[in-house]
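Asker: Please read through the structure below; I'll follow up with questions.
The values are calculated or read from the model by the stated rules, or taken from the named source; none is laboratory data. All values derive from a computational prediction rather than experimental measurement. Reconstructed Cβ throughout: ideal geometry from the backbone, glycine too, with neighbour counts over all protein chains shown.
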Amino acid sequence: MPAKEKYKLKIAVAMSGGVDSSVAAALLKRQGHRVVGIFLHFWHEAAPPDKGGVGGVENKCCSLKALTDARRVANKIGLPLYVLNFSKIFKKQVVADFLDEYQKGRTPNPCVRCNKLVKLGYLIKQARRLGFAYVASGHYARNIAGRLFKAKDKTKDQSYFLYTLNQAELKHLLFPLGDYTKRQVRQLAKKFKLPVAEKPESQEICFIPEKSHNEFLRRHLKLRPGLIKTFGGKILGHHQGLPLYTIGQRKGIEIGGTGPYYAAKMDYKKNILYVVNDGNDKRLYGEKLIIKDVNWLSGAAPKLPLNCQAVIRYGHKPVKCQVVKSGGNYLVKFTELERAITPGQSVVFYQGEKVLGGGIIK
């Protein structure tokens, strides 16, 4: 944040009821800022019954428990907590897009889209209208003078999900946890005696009640069963609907006890799932990809060709690549073959710790 504004900033903190956002709010409050907590109410469907036909799976997104936890933390810290209803925009921009992408044979990353269009992007607009100078969140990333960097804790770094931000948004964003490890954040939560200090974290998609998103897709998509074949044309069995499979997937391909098999190609025209029985089969690898919806965080495209590192999915290690223009698209060429390049996923570019930008695999 600007040096002349180190103290008494008016900050809206996105509070989910989890340990990260709670510690972020506590840190800013202890620094003397005027902090207000904002709990975002997103869309969620009624929890489906469990397999036994009773009870149900609690939705992880904006549940009553999450709101209760956020209120308990706000009371402990000594700051007001307000609830903003983002249900409509979340359903339209995140959930509907998630389902549409899967129906078309792509594997989207809803967290990337949510941060840009809802959780951070839309919140900044609303917060600015309410007179807040900054919006803060519990993301593990660092924003230094409008430049985005990886967090100190590389195992928890979330800069991958933030590559769609622009300079106007970064100008009003704070990430208080960027210089802390997760272990340190847990220790701070205990030191501050926050009621969520021992709360486990959820790493699944927030609006899906189950651990697996396939049950959610089965409820909302029109799935057509079809054949599972080898590239040689041998029929091995039947799939339950192509949107339930992604490149390189092994789990869920059930072919009568034989295998293992890996999803290698989804032919949506013929409704055929092609598989290979070797996890290192060359058909699971690629040396290049084309991306769309590219965003450069600086606001201007870099000089090409660009030599940098790329992350092709969250948690994947950065790999060396070169970015060039090819027609009206950006072409990314890798120095080594990469496994399971998946249309719909985001590719994020780095130079060391610095995030340059990214795009969606086309």
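Asker: Does segment 284-312 hold any residues that are of a type in the set (Lys, Arg) and either without any contact (Cβ under 8 Å) to a residue 40 or more places away in the chain or not assigned by TED's automatic domain parsing to the domain that holds Phe334 (or both), and which are they?
Answerer: Lys303, the sole residue that qualifies.
Asker: Return yes when Ile341 is touching a residue at least 60 places away in the same chain (Cβ under 8 Å), not basic (Lys, Arg) and not in a loop (DSSP other than H, G, I, E, B) and no when it is not. Even if it seems obvious, please write down each step before you answer.
Answerer: Values: touching a residue at least 60 places away in the same chain (Cβ under 8 Å): yes; not basic (Lys, Arg): yes; not in a loop (DSSP other than H, G, I, E, B): no.
Against the criterion (touching a residue at least 60 places away in the same chain (Cβ under 8 Å), not basic (Lys, Arg) and not in a loop (DSSP other than H, G, I, E, B)), Ile341 does not qualify.
Asker: Something else now. In the list Leu236, Leu223, which residue meets the criterion of being assigned to a loop (DSSP other than H, G, I, E, B) and surrounded by 15 or more Cβ atoms within 10 Å (Cβ to Cβ)?
Answerer: Numbers: Leu236 fails: assigned to a loop (DSSP other than H, G, I, E, B).
None of the others qualify; the one that does is Leu223.
Asker: So, one more: All but one of (1) modelled with pLDDT of 95 or more; (2) out of contact with any strand residue (DSSP E or B) (no Cβ under 6 Å at 6 or more places or on another chain) hold for Gly328; state the number of the condition that does not hold.
Answerer: The number of the failed condition is (1).
Asker: Follow-up. Of the residues Lys119, Lys152, Lys125, which is surrounded by fewer than 22 Cβ atoms within 10 Å (Cβ to Cβ) and either among the β-branched types (Val, Ile, Thr) or within 20 Å of Gly357 (Cα to Cα) (or both)?
Answerer: Details: Lys119 fails: surrounded by fewer than 22 Cβ atoms within 10 Å (Cβ to Cβ); Lys125 fails: either among the β-branched types (Val, Ile, Thr) or within 20 Å of Gly357 (Cα to Cα) (or both).
The conditions single out Lys152.
Asker: Scan segment 146-153 and give yes if some residue there is more than 21 Å from Val94 (Cβ to Cβ) and more than 20 Å from the chain's Cα centre (by Cα), otherwise no.
Answerer: Yes, that holds for at least one residue.
Asker: Can you tell me which residues in segment 292-332 are surrounded by fewer than 16 Cβ atoms within 10 Å (Cβ to Cβ) and among the basic types (Lys, Arg)?
Answerer: Matches in segment 292-332: Lys292, Lys303, Lys317, Lys320, Lys325.
Asker: Among the residues of segment 153-185, write down those that are over 24 Å from Leu9 (Cα atoms) and among the charged types (D, E, K, R).
Answerer: Result: Asp153, Lys154, Lys156, Asp157, Lys182, Arg183.
Asker: Only one of (1) more than 22 Å from Leu117 (Cα to Cα); (2) within 21 Å of the chain's Cα centre (by Cα) fails for Gln322. Which number is that?
Answerer: Among (1) more than 22 Å from Leu117 (Cα to Cα); (2) within 21 Å of the chain's Cα centre (by Cα), the lone unmet condition for Gln322 is (2).
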